[in-house]
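Participant: Structure below; questions to follow.
The values are calculated or read from the model by the stated rules, or taken from the named source; none is laboratory data. Here the structure is a predicted model, which is why all the values come from computation and not from measurement. For neighbour counting, all protein chains shown are included, and Cβ atoms are generated from backbone atoms with ideal geometry for every residue, glycine included.
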Amino acid sequence: MSALSHLNKYFYKYKSRFIIGVTITIVAQIFTLYTPKLVGDSIRTLEQIDALHKETVIKLLGQNIFWILVTTLIAGFLTFLMRQTLIVMSRHIEFDLKNEVFKHYEILTQSFYKQNRTGDLMNRISEDVGKVRQYAGPAVMYSINTLIRFAVVLTQMYLISPQLTFYSLLPLPLLGYFIFKLSRQINERSSIFQANLSQLSSFTQEIFSGIRVIKAYAIEGEKQEDFKKLTQESKEKNLKLAKTGSLIGPLMIFLIGLSNLVVISIGAIMYFNGQIPDIGIIAQFILYINMLTWPVASLGWVSTMIQEAEASQKRINEFLDIKPEIYNTAKEHTPIDGKIEFQNVSFTYDDTGIKALDNVSFTLEKGETLAILGKTGSGKSTILSLIARLYDIEDGKILIDNNPIKDCHLNDLRQSIAFVPQDAFLFSDTISNNIRFGKEDATEQEIIEVAKKAAVHENIISFDKGYNTVLGERGLTLSGGQKQRVSIARALIKESPILILDDSLSAVDTETEENILKSLEKHSKNITTLIVTHRISSAKNADKIIILENGKVIENGTHEELIAKEGYYNELHQKQLSEKELL
Ligand SMILES: Nc1ncnc2c1ncn2[C@@H]1O[C@H](COP(=O)(O)OP(=O)(O)OP(=O)(O)O)[C@@H](O)[C@H]1O
């Protein structure tokens, strides 16, 4: 139960609902006691049929039926209220916990997302939180219900006949034991089934995300076979689970029957021996025993729920206990102007041990543009990640507006960067909302303006619904180049002092690229811009250019200076010039 103690703060938060729920449960249980008593009274009345007038008997029976109806209705209504308070409380707790987990996911760093699979993250926030809710709601409710029912029913039974109470309760522990054993087995089998289900969903999710590759390689048949194998496994596991589950019903019927038999036999003997005054008591006890059977049976079920919830909360806590490696240390807000300086920065990725940057230095004044070129894997994107402080460095210094990056308010720093990543990610929403993502209160006019600057306006208005075109999952309805340009528009609307383009014109033809760069030049006069690119055409107008190789800066200067050096840049320039001529 230690992991579940995480929920105590929520029980405390909803304490008034909890207390009201418990009070209602107690009152509801007291009302349910009336039915057996009234049934017993009715049988007692019938026993006296010879001594009483027929009308008196009918009148007494009629009164009893009336009160049975009234007390049952009240008990039913109170049970409804009990669910309304306790189950609704669990829904509130589920909501709070989901939000707590989501908020925590958001502050965790890149390495967390690299180490954990998306499916796992989703499972913990949905499936596991759902299991925990079963504890906070039904498990707590049934436990309280059982406890109170036992207390009131047993007291009533004991007051009538302690001896008959003892005998009638004999089969109940047996019922409890078997149900507990079966629930254990159900728990194990359901965990196995759940794990298999997770595997199945991860498999299908991957297949649908990569459907284009699967079709291109014509391996649908093979994948179908894999799917068949997985579903076959899933079916077998589910059948095993169903087999155990189907034993519970018959077992309960058998043991309830046994209990009734015990009450009738022992009750009859006691009646003949004069140990109980009338047969009505036997009927009353049969009803009491039936009232206790379900709570006993539910104990096994409740214990399964608690065990599952404990396991799930443990998984949730594993993530909640992870402290983000990167966090804000600045007490005050630090507005960002845009000067960026790297002083002998070296950086190694912890998980792979790859040294991505080696002694990198450059200075970029506010409003200047830096182009970063270099072979793939040379460390270009790493520089950009470090500016957004997605990682912290150990060697060297990164200064933003002459202050160490760690002294900048993390939120201010990230807010001041408009980032266009290598693989543009668009949400399943309208184009307009995808652009507005960069500035929530942007007007339609502003959206159109930035779309024009990103040279994507003409494309957008050619769609039937224009800016209201809804993009499919991950914006699949747009071409690669269109996605990149919408992503650029989103960055431009943000009007941040720092603009970062990570190879984000790669899917755009050179003519469109030129148009975009021209508008960017006008747009970003006061904006510090970093462009990672493989094309000279994207770099040539930058104020500064650096060339990386294996994390080291091997050349730096302006376009003219680098051409004159006859190194990597010049070679690339010549190559791209001749390619252009060939076209
Ligand atoms: N998140 C990461 N964790 C571990 N290693 C990484 C990570 N990102 C990049 N690397 C490694 O660091 C090195 C530099 O990668 P980086 O992405 O900065 O190169 P790049 O020049 O941007 O490459 P490309 O042009 O292909 O995008 C590579 O060897 C890469 O494998």
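Participant: Determine whether the stretch 242-256 contains at least one residue that is of a type in the set (A, V, I, L, M, F, W, C), more than 21 Å from Gln199 (Cβ to Cβ) and at pLDDT 85 or above.
Facilitator: no
For every residue, the table says whether it meets (1) closer than 17 Å to Ile547 by Cα; (2) of a type in the set (Lys, Arg); (3) within 13 Å of the ligand (Cβ to nearest atom); (4) surrounded by 14 or more Cβ atoms within 10 Å (Cβ to Cβ).
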residue	(1), (2), (3), (4)
Lys331	no, yes, no, no
Thr334	no, no, no, yes
Lys339	no, yes, no, yes
Phe342	yes, no, no, yes
Val345	yes, no, yes, yes
Thr348	no, no, yes, yes
Asp351	no, no, yes, no
Val360	yes, no, yes, yes
Leu373	yes, no, yes, yes
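Participant: (1) within 29 Å of the chain's Cα centre (by Cα); (2) within 16 Å of the ligand (Cβ to nearest atom): which one isn't true of Ile417, the others all being true?
Facilitator: (2)
Participant: With respect to Leu108, determine if the residue is surrounded by 16 or more Cβ atoms within 10 Å (Cβ to Cβ), within 16 Å of the ligand (Cβ to nearest atom) and not basic (Lys, Arg).
Facilitator: So Leu108 fits the description; yes.
Participant: Hey, another quick one. Determine, yes or no, whether Ile447 is free of Cβ contacts under 8 Å to residues at least 24 places away in the same chain and either surrounded by 15 or more Cβ atoms within 10 Å (Cβ to Cβ) or among the β-branched types (Val, Ile, Thr) (or both).
Facilitator: For Ile447, the condition - free of Cβ contacts under 8 Å to residues at least 24 places away in the same chain and either surrounded by 15 or more Cβ atoms within 10 Å (Cβ to Cβ) or among the β-branched types (Val, Ile, Thr) (or both) - is not met.
Participant: Where in the stretch 1-72 are there helices (runs of 4 or more DSSP H), lying fully within it, with 3 or more residues that are among the β-branched types (Val, Ile, Thr) and within 25 Å of Ile282 (Cβ to Cβ)?
Facilitator: 34-47
Participant: Which residue pairs have Cβ atoms closer than 7 Å, lie 6 or more positions apart in sequence or on different chains, and pair a first residue in the stretch 172-187 that is assigned by TED's automatic domain parsing to the domain that holds Leu292 with a second residue that is buried (at least 18 other Cβ atoms within 10 Å of the Cβ) and among the charged types (D, E, K, R)?
Facilitator: Matching pairs, first to second residue: Asn187/Glu308.
Participant: In the stretch 534-548, which residues are surrounded by fewer than 23 Cβ atoms within 10 Å (Cβ to Cβ), over 15 Å from Glu571 (Cβ atoms) and within 16 Å of the ligand (Cβ to nearest atom)?
Facilitator: Scanning the stretch 534-548 gives no hits.
Participant: Pick from the stretch 450-478 the residues that are loosely packed, with under 13 Cβ neighbours inside 10 Å and among the small types (Gly, Ala, Ser): which of them is nearest to Leu520 (Cα to Cα)?
Facilitator: Within the stretch 450-478, the match that is nearest to Leu520 (Cα to Cα) is Ser462.
Participant: If I go through the stretch 375-398 residue by residue, how many of them are more than 8 Å from the ligand (Cβ to nearest atom), closer than 17 Å to Ile500 by Cβ and over 32 Å from the mean Cα position of the chain (by Cα)?
Facilitator: Selection size over the stretch 375-398: 1.
Participant: Okay, next question. Would it be correct to say that Thr430 is in contact with a Phe, Trp or Tyr (Cβ under 7 Å, 6 or more places away or on another chain) and more than 16 Å from the ligand (Cβ to nearest atom)?
Facilitator: yes
Participant: Could you list, ordered by first residue, the pairs with Cβ atoms under 6 Å in which the first is in the stretch 277-304 and part of a helix (DSSP H, G or I) and the second is charged (D, E, K, R), at least 6 apart or interchain?
Facilitator: Gly280/Arg44; Pro295/Arg149
Participant: Regarding Ser126, is this residue over 19 Å from Lys9 (Cβ atoms), in a helix (DSSP H, G or I) and within 16 Å of the ligand (Cβ to nearest atom)?
Facilitator: So Ser126 fails the test.
Participant: Something else: Do we find that Asn556 is within 16 Å of the ligand (Cβ to nearest atom) and loosely packed, with under 15 Cβ neighbours inside 10 Å in this structure?
Facilitator: So Asn556 does not fit the description; no.
Participant: Of all the residues that make up the stretch 5-17, how many are touching a residue at least 24 places away in the same chain (Cβ under 8 Å) and either of a type in the set (Ser, Thr, Tyr) or surrounded by 19 or more Cβ atoms within 10 Å (Cβ to Cβ) (or both)?
Facilitator: Qualifying residue count, the stretch 5-17: 3.
Participant: Could you check the stretch 38-60 and list, in sequence order, the residues that are closer than 19 Å to Ile279 by Cα, in contact with a helix residue (DSSP H, G or I) (Cβ under 9 Å, 6 or more places away or on another chain), free of Cβ contacts under 8 Å to residues at least 24 places away in the same chain and surrounded by fewer than 16 Cβ atoms within 10 Å (Cβ to Cβ)?
Facilitator: Leu46, Gln48, Ile49, Leu52
Participant: If you go through the stretch 494-508, how many residues are within 13 Å of the ligand (Cβ to nearest atom) and acidic (Asp, Glu)?
Facilitator: So the count comes out to 2.
Participant: Being over 42 Å from the mean Cα position of the chain (by Cα), closer than 27 Å to Ser479 by Cα and away from the ligand (no atom under 16 Å from the Cβ): is that true of Glu561 here?
Facilitator: Spelling it out, it is not the case that Glu561 is over 42 Å from the mean Cα position of the chain (by Cα), closer than 27 Å to Ser479 by Cα and away from the ligand (no atom under 16 Å from the Cβ).
Participant: Can you list the strands (runs of 3 or more DSSP E) lying wholly within the stretch 489-573 that have 2 or more residues being assigned by TED's automatic domain parsing to the domain that holds Ile387 and closer than 20 Å to Asp423 by Cα?
Facilitator: The strands (runs of 3 or more DSSP E) meeting that bar are 498-502, 528-532.
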